[in-house]
Amino acid sequence: MLGGEFEIDLSIQRDAFQPDPDTYYYASGRAALYQILKSLKTKVNKIWFPDWLCHTMVEAAQKAGFEYDFYELSGKFMVTVEALDAKGFKDGCLVLLINYFGLQDLTPTAKTIKKAYPHAIVIEDDVQAYFCFAEETNHYADYRFTSLRKTFSSPDGGLVYTKQPMPSVSQPNTFAPYKIEAGVMKMHRNEGDIKDEDYLQLFDKGAALINENYESIMSHDSEMLMAGTDLQWVKKRRQNNARHLLDGLKSLGINPLMDVPSEKAPLFIPICLEERDKTRRRMFQNEVFCPFHWPLEGLSLKKGTEMAQHELSLIVDQRYSTEDMDLILSLL
């Protein structure tokens, strides 16, 4: 079986967790965004989103009491100053940029926005781009946030990097225990009498509680699991899988949705297919579970609608080998 939520191995060697003094630790990516918005409430009350995003970002803005609007993405999935101008964006306003699949460099875009609107507030969403978030390079965004559980075997974790003061939280995370139990069960699913539905139900129970944990801190388990994770191995494994998959896609005449720089460690390799749902069903029948980004969930957005109908996110994560990439390619 390929895909789905990560297995969790509690037996890995754990080192002491070393928190970064400029990083704030919350329960999830959406909680991280909520806390950023909460900290800005006295300065602004509206945020501009791209027209392709996960609906949970909008829910976080609503919970924080923010108004919101959407700007149109360019063909390269970037925002231009002209697109912001067209939506009434002014100096001092708040905009969110998304690093799609960890494949983009948002620094030039943030720099351009800052030049055009010197007092604008820029948030960089690196939920799909942990390794970009972790880069020690010059960034122009005022806030950057990411999610650990999208990239690693962590039950929770939403990180915010900023030089600005942020709210502190101490409430225990109530969804992490379900994610941990489910991840451990999935890890040992081939041993004993563990059925897929057993751990899937626990994953679902945890997912149902994520929105109740906007004020919760990242769990100690995620701290310890991350401390014991070889980040460079994960990055290299993703890069190798991506390279192998891209070579196979080229031989099939399928182009990725966006450029895949060799130095990036993608969350997925996105492609667009005319008969995406048919391909996805064939993959399901062979226990390959590639998601798409994102279900519209009531949102009516130009780019979001197009992607919801045709985009398919091909798995390249560290759990899998180049042989697994060949299986994915054989099902396209």
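Rule-based calculations on the coordinates, nothing more; no lab input. Here the structure is a predicted model, which is why all the values come from computation and not from measurement. Here the Cβ positions follow ideal geometry from the backbone for every residue, glycine too, while neighbour counts run over all protein chains shown.
Before moving on, here are some points about what is shown:
- Cα-based Rg and Dmax for segment 194-265, where Dmax is the largest Cα-Cα distance (Å): 18.2, 48
- Normalised by 2.2 N^0.38 Å, where N is the number of residues, the alpha-carbon radius of gyration of segment 231-330 equals 1.09.
- Charged neighbours of Glu5, selected by a Cβ distance under 9 Å, balance to +2 (K, R count +1; D, E count -1).
- The mean of 1/r over all pairs of different alpha-carbon atoms in segment 174-231, once inverted, gives a Kirkwood hydrodynamic radius of 12.5 Å.
- Modelled spin-label separation between Asn255 and Ser321, with each label point placed 7 Å from Cα along the Cα-to-Cβ direction: 3.4 nm.
- The calculated P(r) of the chain, using every Cα pair and 20 Å bins from 0, goes 30, 61, 9, 0 in percent.
- With viscosity 1.567 mPa s and temperature 4 °C, the Kirkwood radius over alpha carbon pairs of segment 66-186 converts through Stokes-Einstein to a diffusion coefficient of 81 µm²/s.
- Shown in residue order for segment 138-150 are the 3J(HN,Hα) couplings computed by the Karplus curve 6.51 cos²θ - 1.76 cosθ + 1.60 at θ = phi - 60°: 6, 10, 9, 5, 6, 9, 10, 9, 8, 10, 6, 6, 6 Hz (x for Gly and Pro).
- Normalised by 2.2 N^0.38 Å, with N the number of residues, the alpha-carbon radius of gyration of segment 10-118 equals 1.24.
- Note on the chain: helix-only mean residue ellipticity at 222 nm, from DSSP H runs of 4+ residues weighted -39500 (n - 2.57) and normalised by residue number, equals -11000 deg cm²/dmol.
- About its Cα centre, the dipole of segment 39-147 is roughly 320 debye, where the only charges are +1 on Lys and Arg Cβ and -1 on Asp and Glu Cβ.
- With each label modelled as a point 7 angstrom along the Cα→C-beta vector, the Lys46-Met1 pair spans 4.7 nm.
- For segment 315-332, the Karplus equation 6.51 cos²θ - 1.76 cosθ + 1.60, evaluated at θ = phi - 60°, returns couplings of 6, 9, 6, 5, 6, 10, 10, 5, 5, 5, 4, 5, 4, 4, 4, 5, 9, 7 Hz by residue, with Gly and Pro reported as x.
- Local electrostatic count at Arg149 - Lys and Arg +1, Asp and Glu -1, tallied over other residues with Cβ under 14 Å: -2
- Here segment 129-207 is described by how far its Cα atoms reach on the three principal axes: 51, 27, 14 Å, from widest to narrowest.
- Residue (of Phe131, Ile113, Leu273) at the positive-pole extreme of the chain, dipole from beta-carbon charges: Ile113
- Computed from phi, the 3J(HN,Hα) profile of segment 283-288 under the Karplus parametrisation 6.51, -1.76, 1.60 (θ = phi - 60°) reads 5, 4, 5, 9, 6, 10 Hz, with x in place of Gly and Pro.
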